[in-house]
Structures are given as structure tokens and as C-alpha cells.
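A.B. asks: Sending over a structure as C-alpha cells; questions will come in a sec.
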């Protein structure tokens, strides 16, 4: 087979040596398409670079060699996932991406209403495409670290909680409704994709510079989208500035403000309680939808689900500066490779709250030092994304005719087995933390129910 990699940023750079090592016998030819003149090890046989931006006007021409012996790996920003998936379905090719992307300019076009700039809208468009192609070659949608690996952490965490809290229940969940019923039985009320990045660069951020441990352009794009979250059935009322959707499953809401301006309280094993940004992500919607329990056609249970992201310190400074510039990007951008990071780790996991043991975090604790031992160019963050891409590719190769699939629909045990070499230590930790636990009473409490969303807002 041949692999076509669309985009050659930090994730593709980290992926390439691992892909050739793990799947070099599968992919006899690798083609990389990117507008910049990329550099890569010249010793990799069968490697070809095509210097071009992939656009709405030329993507079919650039991908004209795509056929049933092709795996398209879309790791670009500003390239429509939906158009590429449709093209791959028509040509019989396998496909994977790390998020559902639109064509460039969509996220920051003021003429497009906020509801249409959401990940909810992008996911609904992908689900509509699945109706158009109900069968066909496997297309793994939104399968990096988050979205991607975290959906499998959810199932692993639910499995662990079941073993601890209801040990007499020996029925293993198999279907979507089984998992939703289990989450309901365990009284999971709120789920955070709770990430704390503690990596420190060798060279600190400079004024008028955006620094990040993964794609700057990607972070800017999603930070400018409306904040989004899967909306739980336990919530007493909509938050200020909230809007509901009127199509699809209606499992999520959005706020009329960019996610990069919304801060939420969360917890990880990195340093315990912290403030994260409520950045929109596909998994906030897909997990909430997947864990919706329906009886007699009525929604009886759904948890609140959202991303709570504490980026590295220099990325936080970059966001503050970005906000102060009225969301006009800085003139300089710097994505940190593993060699540009002095120390630190990325704690990426899922925090399940409201059950009998209060809260449970399960996820990857990967240091930059560990990441560099696996791939010298990787930061901990980029290697976690690579773990999702490599595991998704392996699963698709083993299951080549599954059509268009989301992470939540894939065998979590198989994925975690594939991904484990690149995730550092995967740990599960209980905590007695809640967003009101250490409330000093300086101001009126918003709700005595700890797990109401309004209590998480900073």
C-alpha cells in the first residue's frame, strides 16, 4: 500500500519515523503533501514530498492517485475532512484524521453564524455523510489523542469503576446502550477531558509570539470557535450566553463566546486542582451523544462532557496576549519540538465525577524525557496524538470495511493495546476534589449541587 500524509506539521513530523518503523512493511510508498518545503530523513525509502497547499479547488487533482491500495492520513488544518472522506469513500481508500476540519477561513468568518462554526455542526455534517456512504472502506474520524484516545479512556474508566463499585455485576457492556446504561448506573454526572501540560521551553515566549506544544494554527482555530459542551440531564438550567441546537441529537450546547476566553475548574494528577480553558473539541459532543441513555424513545440520562485544558505556561501567556489583541494572531509562531523543551510532562485523561467514590481520573502521564527516548523530535503532547493516529491506522488495517466510524464506536481494548507504547504510564487515580470542595465562602455559592456546570465556571 501507499500512505498519503496531508500536512507536515508537528504531528506528521513525529509520526513519520514511528510509521516507517511500525508499518514500513505495509506502506511501501509514503507521499507527503504540504505547502512548505519540508525536511525529513532522506534515508526513508519510498518517500516523496509534494510542495503544495491542499485546497477546495485542487484536492482531487493532488489526490488523483488515491485508490483501494491507499491510506490517506489527514493531519492538516484548513483542509475539509468531509470532502476528503467523501473522496476516499468514492475511491475505495482508507482514511484517518485527528479532528473534523473545514476549509480554511470557516472558523473566523463573521458572516457565518456561530452555530455553524461549532464542532457540533461539523460532526452533524460528517454523520450526514455516513448516511450517504453507509458501507465502504474504513474512515476513522477524529482519532488523535483528544479527540480519539480519550474515548477509549472513558470506557476503560467505566470498566474500572464498575469493577470497584458494582462488583457483583458481571455483565460486560457491549453496545452503545450498554455503555450509556452503565454510566447512568454509576451516577456519572460530569466528565472532563482533563489535561494539564507542564512542559517548559528552553527559550521562554517572546512578546508578539504564540508558543505551543502542538499546532499553533490548530489551537488558534479551535480557540476562536464558540465554547461547546455535551449537556447533561442533571443540569438545572442553561448557563449565561448558552445556545441550544435545533437539529440532530441536540446532545450539546454552545456559548456565544470563544472557548479561549472561558475558564473552568478541573483536576488532574499533575498538580491537583487547576484552571483549564473550555476549548471546543469533537469528543465533548461524541462522548455525550454515545453515553445518552434512551428508554422508550426518551432521553433519560446524559452526562455533561467538555474539554478542560490547561496548556503549558507559555501557551497560556500566548492565549492572554491573543485575547488582548482582539483575537488577532501574533506575528510569530513557535511549535516546540522535544529538543526545545527543558522539562515537564503532559497529563491527558478523563475525569469522571458524581459516582460513589466522588471522582476518578484515568489517563496518560507522559514526560517530555520519556517522549524523546521514543522519538527525539516529539514533545509529550505530539507523541500522545501520534499514539491515537498509529493505533487508529492499525485498527483500520485490521478492519478495512467498517465505513465511517467515530472513536467511541471502536474496540477500546484493541486501541489501547496498540497505543500503549506511546502513552507513558496510564494511571487511574481517585480524588475527593469537587469544584466547591475548598470554597472559602467569600462570595455566594452558585449551587449546592457540586456537579452543576455553573460551579465549574471560574
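A.B. asks: Looking only at segment 174-183, count every residue that is surrounded by 19 or more Cβ atoms within 10 Å (Cβ to Cβ) and either out of contact with any strand residue (DSSP E or B) (no Cβ under 9 Å at 6 or more places or on another chain) or within 26 Å of residue 268 (Cβ to Cβ) (or both) and tell me the total.
C.D. replies: Step one: list which residues in segment 174-183 are surrounded by 19 or more Cβ atoms within 10 Å (Cβ to Cβ), which gives 179-183.
The next check asks that each one be either out of contact with any strand residue (DSSP E or B) (no Cβ under 9 Å at 6 or more places or on another chain) or within 26 Å of residue 268 (Cβ to Cβ) (or both); those that pass are 179-180, 182-183.
Here the count works out to 4.
A.B. asks: Just wondering, is there one or more residues in segment 401-412 that are within 26 Å of residue 180 (Cα to Cα), in contact with a helix residue (DSSP H, G or I) (Cβ under 7 Å, 6 or more places away or on another chain), outside the structural domain of residue 199 (by TED's automatic domain parsing) and in a strand (DSSP E or B)?
C.D. replies: Yes, that holds for at least one residue.
A.B. asks: Can you tell me which residues in segment 362-387 are buried (at least 24 other Cβ atoms within 10 Å of the Cβ), more than 16 Å from the chain's Cα centre (by Cα) and under 26 Å from residue 272 (Cβ atoms)?
C.D. replies: 366, 368, 371, 379
A.B. asks: Please indicate, with yes or no, whether at least one residue in segment 84-102 is modelled with pLDDT under 95, within 27 Å of residue 251 (Cα to Cα) and under 17 Å from the mean Cα position of the chain (by Cα).
C.D. replies: Of all residues in segment 84-102, those modelled with pLDDT under 95 come to none.
The answer is no, given that none of the residues of segment 84-102 is modelled with pLDDT under 95, within 27 Å of residue 251 (Cα to Cα) and under 17 Å from the mean Cα position of the chain (by Cα).
A.B. asks: Right, here's the next one. Pick out, from segment 293-361, the strands (runs of 3 or more DSSP E) lying fully within it that include 2 or more residues that are under 17 Å from the mean Cα position of the chain (by Cα) and within 20 Å of residue 265 (Cα to Cα). Step through it out loud before you land on a result.
C.D. replies: Values: elements: 293-295, 298-301, 304-310, 332-335, 341-343, 345-355.
In segment 293-361, the matching strands (runs of 3 or more DSSP E) lie at 304-310, 345-355.
A.B. asks: With the structure loaded, tell me whether residue 428 is outside any helix (DSSP H, G or I), assigned by TED's automatic domain parsing to the domain that holds residue 289 and over 23 Å from residue 276 (Cβ atoms) or whether it fails that test. So that I can check it myself, show each step before the final result.
C.D. replies: Values: outside any helix (DSSP H, G or I): yes; assigned by TED's automatic domain parsing to the domain that holds residue 289: yes; over 23 Å from residue 276 (Cβ atoms): no.
For residue 428, the condition - outside any helix (DSSP H, G or I), assigned by TED's automatic domain parsing to the domain that holds residue 289 and over 23 Å from residue 276 (Cβ atoms) - is not met.
A.B. asks: In segment 45-59, is there at least one residue being modelled with pLDDT of 95 or more, surrounded by 18 or more Cβ atoms within 10 Å (Cβ to Cβ), assigned to a strand (DSSP E or B) and over 19 Å from the mean Cα position of the chain (by Cα)?
C.D. replies: Scanning segment 45-59 turns up no residue that is modelled with pLDDT of 95 or more, surrounded by 18 or more Cβ atoms within 10 Å (Cβ to Cβ), assigned to a strand (DSSP E or B) and over 19 Å from the mean Cα position of the chain (by Cα).
A.B. asks: Part of a loop (DSSP other than H, G, I, E, B), touching a helix residue (DSSP H, G or I) at 6+ places or on another chain (Cβ under 7 Å) and either within 20 Å of residue 388 (Cα to Cα) or outside the structural domain of residue 23 (by TED's automatic domain parsing) (or both) - does that describe any residue in segment 71-86? Walk me through it before giving the result.
C.D. replies: Restricting attention to segment 71-86, the residues satisfying the condition of being part of a loop (DSSP other than H, G, I, E, B) are 75-80.
Retained after the next criterion (residues that are touching a helix residue (DSSP H, G or I) at 6+ places or on another chain (Cβ under 7 Å)): 75, 77.
Pick out the ones that are also either within 20 Å of residue 388 (Cα to Cα) or outside the structural domain of residue 23 (by TED's automatic domain parsing) (or both) and you get 75, 77.
Taking every residue of segment 71-86 in turn, at least one turns out to be part of a loop (DSSP other than H, G, I, E, B), touching a helix residue (DSSP H, G or I) at 6+ places or on another chain (Cβ under 7 Å) and either within 20 Å of residue 388 (Cα to Cα) or outside the structural domain of residue 23 (by TED's automatic domain parsing) (or both).
A.B. asks: Only one of 160, 212, 208, 146 is in contact with a strand residue (DSSP E or B) (Cβ under 7 Å, 6 or more places away or on another chain) and closer than 23 Å to residue 394 by Cβ; which? Before the answer, list the steps.
C.D. replies: Values: 160 fails: closer than 23 Å to residue 394 by Cβ; 212 fails: closer than 23 Å to residue 394 by Cβ; 208 fails: closer than 23 Å to residue 394 by Cβ.
Answer to the check: 146.
A.B. asks: Which residue is nearest to residue 217 (Cα to Cα), if the candidates are limited to segment 78-97 and must be surrounded by fewer than 22 Cβ atoms within 10 Å (Cβ to Cβ) and out of contact with any strand residue (DSSP E or B) (no Cβ under 9 Å at 6 or more places or on another chain)? It would help to see each step written out before you state the result.
C.D. replies: Of all residues in segment 78-97, those surrounded by fewer than 22 Cβ atoms within 10 Å (Cβ to Cβ) come to 78, 82-83, 86-87, 89-92.
Retained after the next criterion (residues that are out of contact with any strand residue (DSSP E or B) (no Cβ under 9 Å at 6 or more places or on another chain)): 78, 82-83, 86, 90.
Working: 78: 9, 82: 20, 83: 20, 86: 25, 90: 30 Å.
Checking each candidate, the answer is 78.
Conditions tested, residue by residue: (1) without any contact (Cβ under 8 Å) to a residue 60 or more places away in the chain; (2) more than 14 Å from the chain's Cα centre (by Cα); (3) surrounded by fewer than 24 Cβ atoms within 10 Å (Cβ to Cβ).
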position	(1), (2), (3)
192	no, no, no
204	no, yes, yes
207	no, yes, yes
210	no, yes, yes
213	no, yes, no
221	no, no, yes
228	no, no, no
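A.B. asks: Check whether at least one residue in segment 286-297 is surrounded by 24 or more Cβ atoms within 10 Å (Cβ to Cβ) and over 23 Å from residue 158 (Cβ atoms), and report yes or no.
C.D. replies: Within segment 286-297, not a single residue is surrounded by 24 or more Cβ atoms within 10 Å (Cβ to Cβ) and over 23 Å from residue 158 (Cβ atoms).
Here is a yes/no grid of residues against (1) buried (at least 22 other Cβ atoms within 10 Å of the Cβ); (2) out of contact with any strand residue (DSSP E or B) (no Cβ under 6 Å at 6 or more places or on another chain); (3) not in a helix (DSSP H, G or I):
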| position | (1), (2), (3) |
| --- | --- |
| 102 | yes, yes, yes |
| 110 | no, yes, yes |
| 129 | no, yes, no |
| 172 | no, yes, yes |
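A.B. asks: Against the definition (surrounded by fewer than 24 Cβ atoms within 10 Å (Cβ to Cβ) and over 15 Å from residue 303 (Cβ atoms)), how does residue 114 come out, yes or no? Give the steps one after another, and end with the answer.
C.D. replies: Values: surrounded by fewer than 24 Cβ atoms within 10 Å (Cβ to Cβ): yes; over 15 Å from residue 303 (Cβ atoms): yes.
Yes, satisfied.
A.B. asks: Moving on to the next point. Considering only residues that are in contact (Cβ under 8 Å) with a residue 12 or more places away in the chain, assigned to a loop (DSSP other than H, G, I, E, B) and within 17 Å of residue 263 (Cβ to Cβ), which ones fall in segment 439-458?
C.D. replies: 452, 458, listed by residue number.
A.B. asks: Just a yes or no: is a residue in segment 414-422 under 15 Å from residue 14 (Cα atoms) and crowded, with 16+ Cβ neighbours inside 10 Å?
C.D. replies: Filtering segment 414-422 down to residues under 15 Å from residue 14 (Cα atoms) leaves 419, 421-422.
Remaining after also requiring crowded, with 16+ Cβ neighbours inside 10 Å: 419, 422.
Within segment 414-422, one or more residues are under 15 Å from residue 14 (Cα atoms) and crowded, with 16+ Cβ neighbours inside 10 Å.
The values are calculated or read from the model by the stated rules, or taken from the named source; none is laboratory data. Computed from a prediction, not measured in an experiment: that's the story for all the values here. When we count neighbours, we look across all protein chains shown, and the Cβ atoms used for this are built from the backbone with ideal geometry, even at glycine.
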